[in-house]
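Scroll down for the structure; my scribbles are underneath it.
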Amino acid sequence: MKTIVIVHSAKRHDSEGTNLYTPQLVQELEGHDWLQKLRRDAADGVNAFSYPSHEDEEWRYSPIDRLELDQFIPVLSKPEAPDTSFDRQSDELYTISTIDGFLLEYDQADSFRISSISNIEEPIDIEAPEDILSSINLAFSPDPLLIQVPKGSRVEKPLVIDHRWAKDGAACFPLVRIEVEENAQIEIVEIFHHSEVTSLVIPETKIYVGNGSNVNYQQVQNLGTNVWQLGSLGVSVGQQGNFDGAIAAIGGEYARLKTNCLLSGRGASAKISAIYHGDGNQILDFRTQQEHVDRDTQSELLFKGILDEASTSIYTGLIRVHNEASGTNAFQTNRTLKLCESAWAESVPNLEIENNDVKCSHASTVSPVDEDQRFYLESRGVPTREAEKLIVRGFLQEIVSSLPVEEINGWIADLFNKKLDSRTIYEQ
């Protein structure tokens, strides 16, 4: 089995920077002058940011010091399309297909617009990068994607963004920007598919929920065992807007997702849930921030994970309530079930509150399989293997039953069941 090329030095020094990810590389990408300038500026800024280290609080507990960025070559030309595609009925879903960050094909409808930002002639507002990863993503994303839902539109079917990977040893930078104007509605599924290639994936998805709009979003991370993912999901919710988002993660060697949810308008609400299952030596890393800026906003976060063998999960979460955000309700819960003693979980919830008129709480648990539950099932003739499966499925069911995009929930449940069924180690 191939593995990620890593370095084992204690720390990569900031002064070393990167010799590969430079402004000169940008000229090989397609795009109009305004986008090329943004890319060059972002590439110029790559070495201005500190290189991540596990000594940084944001990267605490992570193996980031082992990654040698320049070992992975950016994909600058579109690969051939893969033979496989997301298995679906065409009348049930709209689809967008990408390969190594390049847009391949997509459906269109009157209720939404899809564009390659590389083909847009007039400048659009794109935020300045906030760290080295967002700088690299903006600079070297070969075919950034823009999805727009006009005011008052209702997208009739879920829109699936199907990301696949082809080139071995590559660095891929999918960039997706979703703009939902006021009083609109859409369901979106973003899938990071399994692949046998060794690669580094640095995806960034930004979702803007307009005033009074509703967005359901589901991310499925099913990457191969030789892939590192350093992902970012940013959500901004306007006045009386609602975001219901969920994450399902089972793949990757080291898979990190940073989720920032900004409740920027009065009465905005967000629900963020996740289920994950690690085994082998996998590391699944989640960093979340629920940021309440305006009055009467609500957020609820619930993560549930399964850890087997020598896998590790990392969770750090922050609820931040600004001084003006009176009437905030914000809740954060992370629960991890360990199937083996050798599995390890870190869970660090945090609160930062500047207003007294709020209701906020956080909770975190890491526990083994409940012996009483297992004994109860075994005493009624259920074999140990099946008893643990029942307990695990029951543990995850709270989230599985309420995933926001119903059309693919059965497929997600099958992914988790398949991983659970492949389990060979059962502790007594």
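Miscellaneous remarks
- Scanning the stretch 167-185 for residues that are part of a strand (DSSP E or B) and surrounded by fewer than 24 Cβ atoms within 10 Å (Cβ to Cβ) returns Ala170, Ala171, Leu175, Val176, Arg177, Ile178, Glu179, Gln185.
- Some residue of the stretch 67-78 being of a type in the set (Lys, Arg), assigned to a helix (DSSP H, G or I), surrounded by fewer than 18 Cβ atoms within 10 Å (Cβ to Cβ) and modelled with pLDDT of 85 or more: no
- Given (1) within 14 Å of Phe286 (Cα to Cα); (2) out of contact with any Asp or Glu (no Cβ under 7 Å at 6 or more places or on another chain), index of the condition Leu318 fails: (2)
- Selection status of Ser195, among the polar types (S, T, N, Q), at pLDDT below 95 and within 19 Å of the chain's Cα centre (by Cα): yes
- Scanning the stretch 272-300 for residues that are out of contact with any Asp or Glu (no Cβ under 6 Å at 6 or more places or on another chain) and either among the charged types (D, E, K, R) or more than 24 Å from Val369 (Cβ to Cβ) (or both) yields a total of 16.
- Cβ-Cβ distances below 8 Å connect the following pairs, each with a first residue in the stretch 328-352 that is farther than 22 Å from Leu263 by Cα and of a type in the set (Phe, Trp, Tyr), a second residue that is part of a strand (DSSP E or B) and at pLDDT 95 or above, and a separation of six or more residues or different chains: Trp344/Leu307; Trp344/Thr312; Trp344/Ser313.
- Odd one out for Glu122, checked against (1) under 18 Å from Leu230 (Cβ atoms); (2) in contact (Cβ under 8 Å) with a residue 40 or more places away in the chain; (3) exposed (fewer than 15 other Cβ atoms within 10 Å of the Cβ); (4) not aromatic (Phe, Trp, Tyr): (1)
- Matching residues, the stretch 79-108, being touching an Asp or Glu at 6+ places or on another chain (Cβ under 9 Å) and either assigned to a helix (DSSP H, G or I) or at pLDDT below 90 (or both): Pro79, Ala81, Ser85, Phe86, Arg88, Ser90, Glu92
- Count of residues meeting criterion [more than 15 Å from Asn119 (Cβ to Cβ) and either acidic (Asp, Glu) or part of a loop (DSSP other than H, G, I, E, B) (or both)] in the stretch 21-40: 4
- Single condition Ser50 does not satisfy, out of (1) under 18 Å from Gly231 (Cα atoms); (2) modelled with pLDDT under 95; (3) among the hydroxyl-bearing types (Ser, Thr, Tyr); (4) surrounded by 14 or more Cβ atoms within 10 Å (Cβ to Cβ): (4)
- Verdict on Phe243 being among the hydrophobic types (A, V, I, L, M, F, W, C), within 20 Å of Leu133 (Cα to Cα) and without any contact (Cβ under 8 Å) to a residue 60 or more places away in the chain: no
The values are calculated or read from the model by the stated rules, or taken from the named source; none is laboratory data. Predicted, not measured: the structure shown is a model, and the values here were computed from it. Every residue, glycine among them, receives a Cβ derived from its backbone with ideal geometry; neighbour counts consider all protein chains shown.
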